[in-house]
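A.B. asks: My questions will all concern the structure given below.
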Amino acid sequence: MSDTPEAQEAALKNGLTYADAGVDIDAGEQLVDAIKPLAKSTRRPGAEASLGGFGALFDLKAAGFEDPLIVTTTDGVGTKLKIAIETGRHDGVGVDLVAMCVNDLLAQGAEPLMFLDYYATGKLDVDAARRVVAGIAEGCRQSGSALVGGETAEMPGMYSGGDYDLAGFSVGAVERGKVLPYLDQQKPGDVIIGLASSGPHSNGYSLIRKVVEKSGLAWGDDAPFAKDQTLAQALMEPTRIYVKPVLPLMKAGLVKGAAHITGGGLIENPPRCIAEGLEAGFDWDAWPMPAVFQWLGETGGISDHEMRRTFNCGVGFILIVAPENVEPVLAALLNAGETAFVCGQLQAA
C-alpha cells in the first residue's frame, strides 16, 4: 500500500462507513430532535425530563416523599407489535408500553415517577419511531411519569424489514410501611372490586393472532364485535392506565391489595396480592363479558378456563377492600370516570 498522502486519501474515500453497514446516525439524531418536545411535555416535580445526558436524576424530596422505598418494573408490549407493524398503527403501542409498567407499580401502592424506553429495529423509520414515542409520552402524562430517557438501537441483521421491539422501564416510590398488599389485614369477606379493561390490553396476542387467522378476516375488515371499527383498530385499543383514579385511594388506606391483570389473566394474577390461606372467589356473572372476548372465545373455540387464564376478560385491575369501604371506593372510581364493580370476595382457600 502506498504511503503517499494522495493514496491514503483515495483509500479513505473508498472506505466503509456506519451507513454502509446499515446504521443511519443522522436518522437517529432526527429522532432525538423529534422527541425532545415530547419528553418535555412529561415534566413533573422532581424531574426535568431533559434528554441527552448519560443518566437521569430524580429529586424524591421535591416529589413530596419523606421516607420512600424505590420500586422498579420492566415490561414490553409482546406480539401486539406484530399487528402494529403489519398495519402501520404505531400510535397506541407506546401507551401500552407505559401501562404495562406503571400499572405493575401501582399494584404495590407505588407512585410512578420516571420512565425510560428501549426501541430496537433493523432500519430506523423516523416517523414510525416518533409515533411510538409520542404514545409513550401520552402514557407518561396519563400516569404522572416523567419520560427521562431511552435508547434507540438500529441493528441491521437482528431485525428484518420494518420490524421493531420495545421495552419499558419504570421507577416509582412508596412511603415505607405503605407497600401493598397488606396481607396481615386481609380476611374472608373482603370485597374484590374490578376496574374495567379497554380490551385485551397487551396480553394474549399470540393467541389473538391465531384466532384472527382462523377467522379468515383481514386486519382492514370490519370488526364483528365493534361498530364502525376495523379489526386492527378494535384490537389495537391501548391498555388502560389506572394510576390517577386508584393511587389516592391507596394513599388514603382504603385498599388492602391490588393486582394488575396481565398474562395469566384472572387465574394467575390475583393470588399475587392475596394472603396465604385465602383465595379470590369471583362471581363470574357480576360483569358482562365484553364483545371482543366473546368473539375470541367463540371463534377460537377457547374454553372458559383458558380464556380466564389468558385474557383479562374485561377486568384490567382489581382492588381488595374491607366491606365498609366498598361504597366510598366505588363512588370515587365512578366519579373519576372508571367503570368499576364488585366482582367477588376473599374466601378461605
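A.B. asks: Tell me the carbon and sulfur percent of the accessible area for region 186-329, rounded to whole percent, probe radius 1.4 Å. Write down the numbers at each step before the final one.
C.D. replies: Working: 2840 of 6100 Å².
C and S atoms contribute 47 percent here.
A.B. asks: What residues from region 166-183 fall in the zone where the backbone N is under 20 Å from a label point 7 Å along the Cα-to-C-beta line of residue 118?
C.D. replies: Hits in region 166-183 for residue 118 at 20 Å: 166-172.
A.B. asks: Further, regarding this structure: Rounded to the nearest 10 degrees, what's the angle between the helix 25-40 long axis and the longest principal axis of the chain, both from Cα atoms, 0 to 90?
C.D. replies: It works out to around 40 degrees.
A.B. asks: Could you please tell me the mean projected area of the C-alpha convex hull for the chain, averaged over all directions and given in square nanometres to one decimal? Show your work: numbers first, answer last.
C.D. replies: On the way: hull surface 89.0 nm².
Answer in nm², one decimal: 22.2.
A.B. asks: What is the percent of Cα-Cα separations in region 74-160 that go past 18 Å? Show your work: numbers first, answer last.
C.D. replies: Numbers: 1577 of 3741 pairs.
It works out to 42 percent of all Cα pairs.
A.B. asks: To the nearest Å, what is the center-to-center distance of region 252-277 and region 189-247, using C-alpha atoms only?
C.D. replies: Cα centres, region 252-277 to region 189-247: 21 Å.
A.B. asks: Next question. So how do 90-98, 264-272, 297-305, 190-198 stack up, highest first, on mean other-Cβ count within 10 Å?
C.D. replies: Put in order of decreasing packing, that is 90-98, 190-198, 264-272, 297-305.
A.B. asks: Quick check: pseudo-label points 7 Å beyond the Cα along Cα→Cβ at residue 36 and residue 127, how many nm apart are they?
C.D. replies: So the label points at residue 36 and residue 127 sit 2.3 nm apart.
A.B. asks: What angle do you read, to the nearest 10 degrees and between 0 and 90, between the alpha-carbon axis of helix 205-215 and the longest principal axis of the chain?
C.D. replies: 90
A.B. asks: Could you compute how fast region 32-111 diffuses translationally, taking Rh as the Kirkwood radius over C-alpha pairs and applying Stokes-Einstein at 25 °C with viscosity 0.890 mPa s? Give it in µm² per second.
C.D. replies: Details: Rh = 15.1 Å.
Using the Kirkwood radius from Cα pairs, D works out to 163 µm²/s.
A.B. asks: Also, quick follow-up: In whole angstrom, how long is each semi-axis of the equivalent ellipsoid of region 250-302, when you take the square root of 5 times every eigenvalue of its Cα gyration tensor and sort them from largest down?
C.D. replies: Whole-Å semi-axes of the equivalent ellipsoid: 27, 13, 11.
A.B. asks: Principal axes first, then extents: for the Cα atoms of region 131-191, list largest minus smallest coordinate on each axis, whole Å, largest first.
C.D. replies: For region 131-191, the Cα spread along each principal axis is 54, 24, 20 Å.
A.B. asks: Taking only DSSP H segments of four or more residues, each worth -39500 (n - 2.57), what value at 222 nm results for the chain once the sum is divided by all its residues, to the nearest 500 deg cm²/dmol? Walk me through the intermediate numbers first.
C.D. replies: Numbers: 12 runs with 121 residues, N = 349.
Calculated from helices alone, the mean residue ellipticity at 222 nm is -10000 deg cm²/dmol.
A.B. asks: To the nearest 10 degrees, how steep is helix 93-106 against the longest Cα principal axis of the chain, on a 0 to 90 scale?
C.D. replies: Helix 93-106 and the main axis of the chain meet at about 50 degrees.
A.B. asks: I would also like to ask the following. Using 0.36 nm per residue, how much length does the chain from residue 183 to residue 218 gain when fully extended, once their Cα-Cα distance is taken away?
C.D. replies: Working: separation 35, 0.36 × 35 = 12.60 nm, distance 4.70 nm.
Value of the extension gain: 7.9 nm.
A.B. asks: For region 120-276, what ratio Rg/Rh do Cα atoms give with a Kirkwood hydrodynamic radius? Before the final figure, lay out the partial values.
C.D. replies: Working: Rg = 19.5 Å, Rh = 19.1 Å.
Checking Rg against Rh, the ratio lands at 1.02.
A.B. asks: To the nearest 0.05, what FRET efficiency results for residue 62 and residue 29 with a Förster distance of 30 Å applied to their C-beta separation?
C.D. replies: Working: r = 31 Å, r/R0 = 1.04.
E(calc), rounded to 0.05, equals 0.45.
A.B. asks: What three numbers, in Å, describe the spread of the alpha carbons of region 222-349 along their principal axes, ordered from the longest?
C.D. replies: Largest first, region 222-349 extends 45, 33, 22 Å along its Cα principal axes.
A.B. asks: Run the 1.4 Å probe and let me know the accessible area of residue 114, rounded to the nearest 10 Å².
C.D. replies: 30
A.B. asks: Now a separate question. Tell me the Kirkwood hydrodynamic radius of region 174-246 in angstroms, computed as one over the mean inverse distance between distinct C-alpha pairs. It would help to have the intermediate numbers written out before the result.
C.D. replies: On the way: mean 1/r = 0.0633 Å⁻¹.
The answer is 15.8 Å.
A.B. asks: Sorted by packing (mean other beta-carbon atoms within 10 Å per residue), highest first, where do 116-125, 150-159 land? Before the final figure, lay out the partial values.
C.D. replies: Numbers: 116-125: 19.8, 150-159: 15.3.
Descending mean neighbour count gives 116-125, 150-159.
A.B. asks: Rank by packing, highest mean first: peptides 205-212, 135-142, with packing defined as the count of other Cβ atoms within 10 Å averaged across residues. Show your work: numbers first, answer last.
C.D. replies: Details: 205-212: 17.4, 135-142: 24.2.
Most protected by this proxy first, the peptides run 135-142, 205-212.
A.B. asks: Any idea what the relative contact order of the chain is, in percent, if you count C-alpha pairs under 8 Å spaced at least 6 apart?
C.D. replies: On the way: 698 pairs, mean separation 72.9, N = 349.
Worked out over the chain, it gives 21 percent.
The values are calculated or read from the model by the stated rules, or taken from the named source; none is laboratory data. Remember, it's a predicted structure, so these values are computed and weren't measured experimentally. Cβ sites come from the backbone with ideal geometry, for glycine too, and all protein chains shown count toward neighbours. For the accessible areas, the whole protein counts, side chains as well, though only heavy atoms, and no ligand, DNA or RNA atoms are used. Shrake-Rupley method; radii C 1.70, N 1.55, O 1.52, S 1.80 Å.
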